[in-house]
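One structure is given below, encoded as structure tokens.
The values are calculated or read from the model by the stated rules, or taken from the named source; none is laboratory data. Keep in mind the model is a prediction, meaning the values are calculated, not measured. As a convention, Cβ positions derive from the backbone with ideal geometry for all residues, glycine included, and neighbour counts pool all protein chains shown. Surface areas here come from the heavy atoms of the whole protein model, side chains and all, with no ligands, DNA or RNA. Shrake-Rupley method; radii C 1.70, N 1.55, O 1.52, S 1.80 Å.
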Amino acid sequence: MGRPSLKPTPIPHSRNFKDKFLYERRRMGHKGELLQKTPRQIADEYGVTKKVARYWMKKARDPNFHSYPWGGFRWSKYSPDEHTVITFLILLLYFVMNETTLKEYTIMLTGFGFNVSRMYVSRVIKACGLTFKVPETVQRAKFTEENMRYYGDYIFWTSHIPWDKLFFLDEASYNTKDLHRRRVLGPIGKRVCSINPMPLRSTYNTTILTRYPMNENEEPFYMSLRVSSNTAWDFLFFVMDAVESGFLPPYSFLVIDNAAVHLAKETTPLLQVVLDAAHIRIICMPKYSPELSPAELVHGHSKGFIREHQGLFEQLADAIITGHGLITNEMMRNFYKHTLDYFNREYPE
């Protein structure tokens, strides 16, 4: 027969055991009994590891060594006061410039004497209710006092003009490299490639002129497709063709954005002559306000169609024509309602 072990059977880690040893640890700590035993003796008596026993002895020597009665604190490297200072610095930098990366946060905190890791900063940011997101980019020039006043005037003008008299013009560029699905499924930790049957260097530019169709016999838009980039002369010839074909009728309003090609010095006098002869008036949109143009929704719908069906077309031009051809009169009416009723929808009375 072997020699029987003198070590007691470890007590299971139940709720009662937890409450019991918390009480015993506090009692022994107050009486100094913990400091009279070795870590091995404490570990054998309570069925814990020597590491836990050493922690109890440190706690008995210094009651402020750890402010929590059970388990460890995630940020125990710094005191609660230091952790508060770190949190304040992170929030301060967030309010000043929210584009700061984790690496820049760690560099900034290191400059203040806190040698923290990116994981530590990430946990603090999460505890503050913050997370990194894909931002919606806006132009600062849109929110100038002058442009905001014009924004209000534009809303007032368009609200008093019949929708069938408003014709919106806009250009868009289609590049094969940008017209692919943003997310695909693939194995973790491995690179995923997407096969595009269309030539990678295919680039087309389109100009469309939209109108509010009053009946099903009217075309919802007038389009021009070009391989070369859009110029001021292309814009002028497009407007002349739209007037000559009757798509842009007399006594209507041509709404354009602030692109340089629309009001170029070399073409503006000729454009004004053409429009004055047809009794057509130009209205310029506020700067950086694509949400007010139904033509933007047409381009967005077409590009979304190409992304979803890129494997069905070998030529980008065919995909562009097919995507625009799916725009129905009902869709165009909804586009007008979405953009012209934008102010009432976002700021109801």
Query raised in the report: Here are some conditions: (1) closer than 17 Å to Ile256 by Cβ; (2) at pLDDT 95 or above. Pro290 meets all but one. Which one does it not meet?
Result: (2)
Query raised in the report: What are the pairs, 6+ residues apart or on separate chains, where a residue within segment 44-60 that is touching a residue at least 24 places away in the same chain (Cβ under 8 Å) and at positive phi has its Cβ under 6 Å from a residue that is part of a loop (DSSP other than H, G, I, E, B) and surrounded by fewer than 17 Cβ atoms within 10 Å (Cβ to Cβ)?
Result: Gly47/Pro10; Gly47/Ile11
Requested in this report: At least 1 residues that are of a type in the set (A, V, I, L, M), open to solvent by less than 50 Å² (accessible area, probe 1.4 Å) and under 14 Å from Val255 (Cβ atoms) in each: list the helices (runs of 4 or more DSSP H) lying fully within segment 268-349 that qualify.
Outcome: 268-277, 294-308, 329-340
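Restrict the check to segment 206-214 and report whether at least one residue is in contact (Cβ under 8 Å) with a residue 24 or more places away in the chain and surrounded by fewer than 18 Cβ atoms within 10 Å (Cβ to Cβ). Write out each step before concluding.
Our first condition is that a residue be in contact (Cβ under 8 Å) with a residue 24 or more places away in the chain; within segment 206-214, this holds for 206-214.
Cutting the leftovers down to surrounded by fewer than 18 Cβ atoms within 10 Å (Cβ to Cβ) gives us 214.
Yes.
This table checks each residue for (1) in contact with a Lys or Arg (Cβ under 8 Å, 6 or more places away or on another chain); (2) under 22 Å from Tyr212 (Cα atoms).
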residue: Leu225; (1), (2): no, yes
residue: Phe235; (1), (2): no, yes
residue: Leu254; (1), (2): yes, yes
residue: Ala264; (1), (2): no, no
Query raised in the report: What is the number of the single condition among (1) part of a helix (DSSP H, G or I); (2) open to solvent by less than 20 Å² (accessible area, probe 1.4 Å); (3) at pLDDT 95 or above that Leu248 does not meet?
Result: (1)
Report summary line: Picked from segment 321-349 (must be charged (D, E, K, R) and more than 27 Å from the chain's Cα centre (by Cα)), the residue modelled with the lowest pLDDT is Glu349
Report task. Note down all Cβ pairs under 7 Å where the first residue falls in segment 77-96 and is modelled with pLDDT under 90, the second is open to solvent by less than 50 Å² (accessible area, probe 1.4 Å) and aromatic (Phe, Trp, Tyr), and they're at least six residues apart or on different chains. Result -> His83/Trp75; Leu93/Tyr105
Query raised in the report: If you check Val255 against the conditions, is it modelled with pLDDT of 95 or more, open to solvent by less than 50 Å² (accessible area, probe 1.4 Å) and assigned to a helix (DSSP H, G or I)?
Result: no
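Check whether at least one residue in segment 233-255 is within 32 Å of the chain's Cα centre (by Cα) and among the hydrophobic types (A, V, I, L, M, F, W, C), and report yes or no. Write out each step before concluding.
Narrowing segment 233-255 to residues within 32 Å of the chain's Cα centre (by Cα): 255.
Still in the list and also among the hydrophobic types (A, V, I, L, M, F, W, C): 255.
Scanning segment 233-255 turns up at least one residue that is within 32 Å of the chain's Cα centre (by Cα) and among the hydrophobic types (A, V, I, L, M, F, W, C).
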